[in-house]
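The values are calculated or read from the model by the stated rules, or taken from the named source; none is laboratory data. Because the structure is predicted, anything quoted here is derived from the model rather than measured. FYI the Cβ positions are ideal-geometry reconstructions off the backbone, even for glycines, and counts take in every protein chain you see. Note: areas computed on protein heavy atoms with side chains; ligands, DNA, RNA excluded. Shrake-Rupley method; radii C 1.70, N 1.55, O 1.52, S 1.80 Å.
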Amino acid sequence: MAKFPKTFLWGGATAANQYEGGYAEGGKGLSTSDVMTNGEHTIPRRITWKKKDGTEGYTASTFGGYFNIPEDAEPCLLDGYYYPSHTATDFYGHYKEDIALMAEMGFRCFRMSIQWPRIYPNGDDEQPSEEGLQFYDNVFDECKKYGIEPLVTLSHYETPLGLSIKYNGWADRRVIDFFVRYIKTVFKRYDGKVKYYLTFNEINAIGMMPYMGGGVIHDSDQVRADAGHHQFLASALTVKEAHENYPDLKIGMMLAYQPVYGYTADPKDQLLALKRMDETCFYSDVQMLGRYPNYVLEEYARKGIKLPFEEGDLELLKEYPCDFLSFSCYGSQTVTTHEDAIEGSGNMFPGSVKNPYLQTNAWGWATDPEVLRIALNQLFNRYHKPLWVVENGIGWADVKEEDGSVHDTYRIDYLRENIKSMRDAVNLDGIPLMGYTMWGCIDLVSAGTGEMRKRYGFVYVDRDDKGEGTLARSRKDSFFWYKKCIASDGEDLD
Ligand code: BGP
């Protein structure tokens, strides 16, 4: 029977802004996520702000559209709103218990993020916060106790809010220096404790939702191109710092990836699918191949967008591509030029349609049993570098029984198909895959909607959309299933 190698890094993934809580503990500054309210399936999350004259308001964070708050406003916390990141599911207070639960499942790896404003509260501070650094020391020590390898995202939708207000986030080139200061601090402090880092979570977010991806509050096509370029440079400088001073470190890029299918055999549909894939692969082409692809240079020229190249930028990108490519992949997208005939797919991917061969969850995300094999083949054949599936899973409004159990057969079914498809990519196609971290392994807040009810975990957390609940943890059926899967190196998926 097919298995994964013993060295395969099985585990789960989280992000501090959705999981950690303790938003004002230990001198932490606000992140961009801390001023985002909750939303719902069809109601977007809002960013609250105040103008100089005292007027208060909010701007909705929509997927795809431009994001601009009023010129004279600053994002801030306001009374009367609920901000789910503030407590989230309180990893800050439960990290020992949670890491013990991960160890019980047999995790070999735990993906988490360091919140930049926990280390540099305003982003541009001269000195880091010792209390912030100590918290992650404690977390890594706890992981070490169980032989769990941390996989650390350096920026997961957590730009220090101070950088948004003062610099319009990553739109300003000076932010690169602040980021480099931050990563140098982190590399030095956790030398010997952390081996794998990811630079920017879903780096393509900067082109689709630049507030979340890069703290941009005054948006345009030009600003997105600037901010993207600055993140590319920051990533290259991160690789440079690692390669020059910490040769054991491996630095990955992180891409939000969904294979795109043309709905019909009409070549127009196939071309549309190809171009959609290019929109995503632009980011990995730069970070893995070390150069801007022609299709983007041409598109920018047509639109009058000028890339803010300075001397040495292109050489830097060329010299320091990432060591491996990690990606999130929940399902596929289907597109067509024949849209009049076809039902929409829900709220997640504007411009995509329902695939008649696939089922979707309550949020409109399609479950695709072949998706990981397809994604892994596409990405490996384009970049020829090791890959890592760092997000995959299914959001569901789980129902907890009185005894704390959750019978999440739908999650087990989803994972079984996805792991099988990944196993085929490894065993039948020879894809070098480093690991698999299931998204939201302990229930946490949804990034897209800010909801608690959209749960992904193996472990249920008692917390609801109003911020009520005891935060108590309990094991779902999928907990025992995943434990068995890991113990058998991915052979036993029954
Ligand atoms: C990815 C993000 C995660 C995560 C996940 C699930 O885009 O990297 O932060 O949240 O998607 O999305 P959601 O939480 O909206 O269901």
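Which pairs do you get when a residue that is more than 17 Å from Ser446 (Cβ to Cβ) and away from the ligand (no atom under 16 Å from the Cβ), found in the stretch 356-371, comes within reach of a residue that is part of a loop (DSSP other than H, G, I, E, B) and modelled with pLDDT of 85 or more, reach meaning Cβ atoms under 8 angstrom, with the pair 6+ apart or on two chains?
So the pair list comes out as Leu358/Gly331; Leu358/Ser332; Leu358/Asp368.
Given the criterion within 23 Å of Val371 (Cα to Cα), of a type in the set (Phe, Trp, Tyr) and not in a helix (DSSP H, G or I), identify the matching residue among Tyr436, Tyr482.
Going through Tyr436, Tyr482 in turn, the sole match is Tyr436.
Do you know which residues across the stretch 396-411 are away from the ligand (no atom under 16 Å from the Cβ) and crowded, with 20+ Cβ neighbours inside 10 Å?
Val406, the sole residue that qualifies.
Asn392 - would you say it is surrounded by fewer than 21 Cβ atoms within 10 Å (Cβ to Cβ) and in contact with a strand residue (DSSP E or B) (Cβ under 9 Å, 6 or more places away or on another chain)?
It is false that Asn392 is surrounded by fewer than 21 Cβ atoms within 10 Å (Cβ to Cβ) and in contact with a strand residue (DSSP E or B) (Cβ under 9 Å, 6 or more places away or on another chain).
Could you look through the stretch 412-459, keep only residues that are open to solvent by 40 Å² or more (accessible area, probe 1.4 Å) and within 15 Å of the ligand (Cβ to nearest atom), and pick out the one that is modelled with the lowest pLDDT?
Gly448
Out of the residues in the stretch 166-194 meeting the condition of being of a type in the set (Ser, Thr, Tyr) and closer than 19 Å to Arg118 by Cβ, tell me which one is most open to solvent (accessible area, probe 1.4 Å).
Once the filter is applied, the top-ranked residue is Thr185.
Report every pair of residues separated by at least 6 positions or lying on different chains whose Cβ atoms are under 8 Å apart, first residue within the stretch 121-133 and touching a residue at least 24 places away in the same chain (Cβ under 8 Å) and of a type in the set (Gly, Ala, Ser), second surrounded by fewer than 15 Cβ atoms within 10 Å (Cβ to Cβ) and outside any loop (DSSP other than H, G, I, E, B).
Ser129/Gly27; Gly132/Gly27
I'm checking my understanding of the structure. Among residues of the stretch 372-397 that are in contact (Cβ under 8 Å) with a residue 60 or more places away in the chain and assigned to a loop (DSSP other than H, G, I, E, B), which one is nearest to Tyr283 (Cα to Cα)?
Among residues in the stretch 372-397 that are in contact (Cβ under 8 Å) with a residue 60 or more places away in the chain and assigned to a loop (DSSP other than H, G, I, E, B), the one nearest to Tyr283 (Cα to Cα) is Lys385.
Could you list all residues from the stretch 173-192 that are outside any helix (DSSP H, G or I) and more than 22 Å from the chain's Cα centre (by Cα)?
Arg173, Asp191, Gly192
So is Glu402 acidic (Asp, Glu), in contact with a strand residue (DSSP E or B) (Cβ under 9 Å, 6 or more places away or on another chain) and outside any strand (DSSP E or B) or not?
For Glu402, the condition - acidic (Asp, Glu), in contact with a strand residue (DSSP E or B) (Cβ under 9 Å, 6 or more places away or on another chain) and outside any strand (DSSP E or B) - is not met.
Within the stretch 45-64, work out how many residues are in contact (Cβ under 8 Å) with a residue 24 or more places away in the chain, in a strand (DSSP E or B) and aromatic (Phe, Trp, Tyr).
Residues in the stretch 45-64 being in contact (Cβ under 8 Å) with a residue 24 or more places away in the chain, in a strand (DSSP E or B) and aromatic (Phe, Trp, Tyr): 1 in total.
Pairs please, first residue from the stretch 277-292 and charged (D, E, K, R), second anywhere and open to solvent by 10 Å² or more (accessible area, probe 1.4 Å) and at pLDDT 95 or above, Cβ atoms under 6 Å, 6+ apart in sequence or on different chains.
Once the first residue is charged (D, E, K, R) and sits in the stretch 277-292, its partners that are open to solvent by 10 Å² or more (accessible area, probe 1.4 Å) and at pLDDT 95 or above give Asp278/Tyr295.
Quick one: Gly312 ticks every box in (1) in contact with a Ser or Thr (Cβ under 7 Å, 6 or more places away or on another chain); (2) surrounded by fewer than 18 Cβ atoms within 10 Å (Cβ to Cβ); (3) among the small types (Gly, Ala, Ser) except a single one, so which number is it?
(1)
Would you mind telling me which numbered condition in (1) free of Cβ contacts under 8 Å to residues at least 12 places away in the same chain; (2) more than 16 Å from Phe232 (Cβ to Cβ) Ala273 fails?
Evaluating Ala273 over (1) free of Cβ contacts under 8 Å to residues at least 12 places away in the same chain; (2) more than 16 Å from Phe232 (Cβ to Cβ) leaves (1) as the failure.
Please state which of the following conditions Tyr300 fails to meet, knowing it meets all the rest: (1) open to solvent by 50 Å² or more (accessible area, probe 1.4 Å); (2) more than 22 Å from the chain's Cα centre (by Cα).
Only one criterion is unmet by Tyr300, namely (1).
Would you be able to tell me the number of residues in the stretch 235-272 that are small (Gly, Ala, Ser) and either closer than 17 Å to Leu376 by Cα or open to solvent by 50 Å² or more (accessible area, probe 1.4 Å) (or both)?
Of the residues in that region, 3 qualify.
What number of residues in the stretch 440-489 are free of Cβ contacts under 8 Å to residues at least 40 places away in the same chain and at positive phi?
The number of residues fulfilling the criteria is 1.
Regarding Gly215, is this residue within 19 Å of Pro160 (Cα to Cα) and within 16 Å of the ligand (Cβ to nearest atom)?
Spelling it out, Gly215 is indeed within 19 Å of Pro160 (Cα to Cα) and within 16 Å of the ligand (Cβ to nearest atom).
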